[in-house]
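The values are calculated or read from the model by the stated rules, or taken from the named source; none is laboratory data. Owing to the predicted nature of the structure, the values given are computational and were not obtained by experimental measurement. Backbone-built Cβ (ideal geometry, glycine too); neighbour counts: all protein chains shown. Accessible surface areas use protein heavy atoms only, side chains included; no ligands, DNA or RNA. Shrake-Rupley method; radii C 1.70, N 1.55, O 1.52, S 1.80 Å.
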Amino acid sequence: QVHLVETGGGLVQAGGSLRLSCAASGTIFRMNAMGWDRQVPGKQREMVATITSGGTTYYTDSVKGRFTISGDNAKNTVTLQMNSLRTEGAAVYYCRANVDRDWDERSDYWGQGAQVTVSS
């Protein structure tokens, strides 16, 4: 199994900043990518940001210019720096990892989630 633990969630005022961190552990032969998804009750989970092991980043349009994803391949960790937070950014943020556990086994894993609350 692969385990992901998120830290850094909390309450911030609109316009403020928050940093989420995630560490992966377990059986990881190769880490292909890590990222962050978020979900609001009643809506589908959406991809927020992704970083590949090669350093390529992807962001959903609504966070471009405000959020920054970074990773440490050696430690299998990923961080999401969230600036200029808006009330619509409030959600449960889930850390995601795309992992090769062996030569022929590739899977996605998610953590338990970190609550991000943004007040106006």
Checklist entry - If you take the residues of the range 1-45 that are charged (D, E, K, R) and touching a strand residue (DSSP E or B) at 6+ places or on another chain (Cβ under 7 Å), which of them is most open to solvent (accessible area, probe 1.4 Å)? => result R19
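For (1) open to solvent by less than 80 Å² (accessible area, probe 1.4 Å); (2) at pLDDT 95 or above, each residue gets a yes or a no:
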| residue | (1), (2) |
| --- | --- |
| T52 | yes, yes |
| T56 | yes, yes |
| D61 | no, yes |
| R66 | yes, yes |
| R86 | no, yes |
| C95 | yes, yes |
| D104 | no, no |
| G111 | yes, yes |
Item to check | Residue among V99, V48, V78, V116 that is open to solvent by less than 40 Å² (accessible area, probe 1.4 Å), in contact with a Phe, Trp or Tyr (Cβ under 8 Å, 6 or more places away or on another chain), in contact (Cβ under 8 Å) with a residue 40 or more places away in the chain and under 18 Å from Q1 (Cβ atoms) | outcome: V99
Item to check | Selection count, the range 1-14, where residues are more than 14 Å from Q112 (Cα to Cα) and assigned to a strand (DSSP E or B) | outcome: 4
Next on the checklist: Under 8 Å between Cβ atoms, which residue pairs at least 6 apart in sequence (or on different chains) link something in the range 15-40 that is under 16 Å from A114 (Cβ atoms) with a partner that is among the basic types (K, R) and open to solvent by 40 Å² or more (accessible area, probe 1.4 Å)?
Outcome noted: A23/K75; D37/R45; R38/R45; Q39/R45
Checklist outcome for this item: Note on N98: of the conditions (1) touching a strand residue (DSSP E or B) at 6+ places or on another chain (Cβ under 6 Å); (2) within 15 Å of L20 (Cβ to Cβ), unmet is (2)
